[in-house]
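Quick notes on the structure that follows.
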Amino acid sequence: MKFRFGNVEFFPPHWSFDFMKFKKISIGISVLLSVLSLVIIATKGVNYSIDFLGGAEIALSVKKQGVGRDDLEKVAEDAGVGDVEVTTYGNLGTSADSEFLMRLQHEKDKPDAETAKRVEILVAKVKATLGAENVEVKSVANISGKIGAEEERKGYLALLLACVGILIYIGFRFDPRFAPGAVLCLAHDVLIALGFMTLMGRPFSTASIAAFLTIVGYSINDTVIVYDRIRETQLIHPRQDITTTINNSISQTMNRTVLTASTGLFGLLVLVLLGGGAIEDFALTMLVGILVGTYSSIYVAAPLTIVMEGWLRKMGWEPKDPSLKAKALKDPNFIPPVVLKKRKG
């Protein structure tokens, strides 16, 4: 193994590593993390945000200079009204008034009148802390919980349709050995990311759904890169066993995997440290998702392909003789068809 920064090459062209040597350990780790995520979600419960549970949104204009989002979050904490999300907009830091949105979440099994009382307490506390003459309440909007329930249903439906569509795409693009591993990877990545966010007590909002959909897209992209290389290697070395083919294919794509993952992680890390609010939650979800997605493309999708290969052979299916090898080598854009056939007799 070598590292070079001139052409940003980390691994030499013919470098190879026995990744599948640890496939049992990796699958065990994935199963353990998935079960722990399910337990955390079942016991602690997902922390649904105001987007799904409903609540109140207060628009404030603050004339006092030097007041920021952290100051209002401290005021809300002192008021004891529960979790309050504070965002800024307008001309913060200039001579003009600073404008804020304070979102107060509706508590489960509590009447709407209780939320209205908490809004009054919060507004009174802000005025008492910053001075009534420095605070102007521009509007107080109620967000219905029924609308939130509809948004939640649509979000889960979007995730389900994305996974089904990917399953169909992988099934047509490759063959039955590859599709189950790809889809299980997606479920694995989303489940662990959701379990982590639940453990951290982070709110599950519409931004979280966007993050999970992005994780699904990123993860399947990484997996397809590995699958494509596996198929290309099989055409070039048709008699090579599936484990060796997968090890060589993953090794050949490691430069691309490391560079893609690291650049994404660096950008998300900046957003986590400096973003704040919904941006921070989105970036943190994506950060966990990319880490898990990069791992699963190597140590979940690939081992499951080996498992599917064994099952299909036991059921009488075997790879076709790659008679299209010459065409594939001459035409780099050639995509071979499904490469399985039923064994006779």
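Per-residue packing, averaged as other Cβ atoms within 10 Å, sorts the ranges 42-52, 127-137, 207-217 into the order 207-217, 42-52, 127-137, beginning with the highest. 3J(HN,Hα) along the range 27-35: 5, x, 5, 5, 5, 4, 5, 5, 5 Hz, from the Karplus curve 6.51 cos²θ - 1.76 cosθ + 1.60 with θ = phi - 60°, whole Hz, x for Gly and Pro.
Maximal additional length on extending the ALA141-ALA42 stretch stands at 32.4 nm, based on 0.36 nm per residue less the C-alpha distance. Residues in the range 227-244 carry Karplus couplings, in order, of 4, 4, 5, 4, 5, 4, 5, 5, 5, 7, 10, x, 8, 6, 5, 5, 5, 5 Hz; the curve used is 6.51 cos²θ - 1.76 cosθ + 1.60 with θ = phi - 60°, and Gly or Pro positions show x. Return the subset of LYS23/LYS154; LYS74/LYS110; LYS125/LYS154; LYS63/LYS110 for which the Cα-Cα distance in this structure is over 26 Å, preserving the input order. Checking Cα-Cα distances, LYS23/LYS154; LYS125/LYS154; LYS63/LYS110 exceed 26 Å. Near HIS237, no amide H atom lies under 5 Å from its own; only residues 5 or more places off or on other chains count, and H is placed 1.01 Å from N. Taken one residue at a time, the phi angles of the range 43-53 give Karplus couplings (6.51, -1.76, 1.60, θ = phi - 60°) of 8, 8, x, 5, 7, 5, 8, 4, 4, 10, 8 Hz. Gly and Pro are set to x.
The numbers here are math on the coordinates, done by the rules we state, and not lab data. What you see is a predicted model; the values in this text were computed from it and never measured. We place every Cβ from the backbone using ideal geometry, glycine too, and count neighbours over all the protein chains shown.
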